[in-house]
Amino acid sequence: PGPPFAMSYSSRMFRRSDSILLLGAALAVGAVGVALVLQHRFGIEPCAWCTFQRLLYLLFGAFAALGWLARRSRIALLASSALAAVAALGGLWAALHQQFVAAQTLSCAFTLADRVLMKLRLDETLPWLFEATASCRDANAPLLGVPFALWSAALFVLLALLAVRAALKTRAASENPA
């Protein structure tokens, strides 16, 4: 094999797509790690929408990691990027719903977030990760003056942009094989 700079344009674009996905996966899993440290070390308890967002971060991370693992297949990389983007957009919706709807009420029990987590039995099988123990109002405490839900929304926007960029780079590489 020749030196790295001798790689074709499409090969370089293709490799960047999987690197973008790997970065996104690391950020998503890292966000869940930070949430767990804040919960279990510092006593900042999550609400149902918080734990639902954890699920969406982990879905994003799984789709992005699958894209990275299947990086030799442009179709798999494109599909994984698209699924990761959908997970990120779902997370953005959940974070904004938490901020502007759920956090304005005294209780956020039996919402969509609760129903999904209970239906999947995640709150029972992995309570340390998915059990909601606070109200949405209490869980949306500020961090550096910004509510948690808005921090989460900002990260979901970044993750969606990374997934879309990976998809576009993969598509561009397949259209320009030279």
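The values are calculated or read from the model by the stated rules, or taken from the named source; none is laboratory data. Bear in mind that the values here come from a model prediction, so they are computed numbers and not experimental data. Here the Cβ is made from the backbone with ideal geometry for all residues, glycine too, and neighbour counts use every protein chain on show. SASA here: full protein model, heavy atoms, side chains in, ligands and nucleic acids out. Shrake-Rupley method; radii C 1.70, N 1.55, O 1.52, S 1.80 Å.
General remarks:
- The set of residues from segment 28-58 being β-branched (Val, Ile, Thr) and open to solvent by 20 Å² or more (accessible area, probe 1.4 Å) comprises 29, 34, 37, 44.
- In segment 135-169, the qualifying residues are those that are touching a Leu at 6+ places or on another chain (Cβ under 8 Å) and farther than 20 Å from residue 89 by Cα, and the one that is surrounded by the fewest Cβ atoms within 10 Å (Cβ to Cβ) is 137.
- For segment 126-167, the set of residues classified as among the charged types (D, E, K, R) and within 26 Å of residue 23 (Cα to Cα) consists of 165 only.
- Filter pass, residue 95 being surrounded by 19 or more Cβ atoms within 10 Å (Cβ to Cβ), in contact (Cβ under 8 Å) with a residue 40 or more places away in the chain, hydrophobic (A, V, I, L, M, F, W, C) and at negative phi: yes
- Just one of the numbered conditions (1) modelled with pLDDT of 90 or more; (2) part of a loop (DSSP other than H, G, I, E, B) is not true of residue 107: (1).
- Selected residue (criterion: farthest from residue 21 (Cα to Cα)) from residues of segment 106-115 that are open to solvent by 40 Å² or more (accessible area, probe 1.4 Å) and out of contact with any Lys or Arg (no Cβ under 7 Å at 6 or more places or on another chain): 107
- Some residue of segment 123-130 being surrounded by fewer than 21 Cβ atoms within 10 Å (Cβ to Cβ), over 24 Å from residue 43 (Cβ atoms) and under 16 Å from the mean Cα position of the chain (by Cα): no
Residues checked against (1) over 22 Å from residue 150 (Cβ atoms); (2) without any contact (Cβ under 8 Å) to a residue 60 or more places away in the chain:
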| residue | (1), (2) |
| --- | --- |
| 78 | yes, no |
| 81 | yes, no |
| 111 | no, no |
| 115 | yes, yes |
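- For segment 33-45, the tally of residues that are among the β-branched types (Val, Ile, Thr) and in contact (Cβ under 8 Å) with a residue 40 or more places away in the chain stands at 1.
Let's see how each residue does on (1) in a helix (DSSP H, G or I); (2) open to solvent by 20 Å² or more (accessible area, probe 1.4 Å):
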| site | (1), (2) |
| --- | --- |
| 60 | yes, no |
| 63 | yes, yes |
| 67 | yes, no |
| 71 | no, yes |
| 78 | yes, yes |
| 81 | yes, no |
| 84 | yes, no |
| 88 | yes, no |
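- Filter result for the condition that a residue is over 20 Å from residue 129 (Cα atoms), at pLDDT 95 or above and in contact with a helix residue (DSSP H, G or I) (Cβ under 6 Å, 6 or more places away or on another chain), over 56, 78, 83, 21: 83
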